[in-house]
Amino acid sequence: MSRTTQPTLAEVRKWPATVSVPQAATAIGCSKSHLHERIKRGDSPVKTIPLGARHVVVTADLVRLLSGEDRATG
């Protein structure tokens, strides 16, 4: 099984406005199932947009998280 390399913050900043949950999970350093579960529970560390049965992650909020910015001030 191949593992996806965790992207740098500079790489994440170049991503499109939204990304898939698996891509965001790779950037955060967690499994996609863990991030899916947090989204389902309503306590995701990043903003998501529901698209039918799936969600996409807002890249700007992912950058905020990876930069260590406080959500309240971001």
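If Lys32 meets every condition in (1) in contact with a helix residue (DSSP H, G or I) (Cβ under 8 Å, 6 or more places away or on another chain); (2) open to solvent by less than 70 Å² (accessible area, probe 1.4 Å) apart from one, which number is that one?
Failing condition for Lys32: (2).
Quick one: in the range 53-74, of everything that is small (Gly, Ala, Ser) and open to solvent by less than 80 Å² (accessible area, probe 1.4 Å), which residue is modelled with the highest pLDDT?
Ala60
The values are calculated or read from the model by the stated rules, or taken from the named source; none is laboratory data. Here the structure is a predicted model, which means the values were calculated and not measured. Cβ: placed from backbone, ideal geometry, glycine included. Neighbour counts: every protein chain shown. Accessible surface is based on the protein model in full, side chains and every heavy atom, while ligands, DNA and RNA are left aside. Shrake-Rupley method; radii C 1.70, N 1.55, O 1.52, S 1.80 Å.
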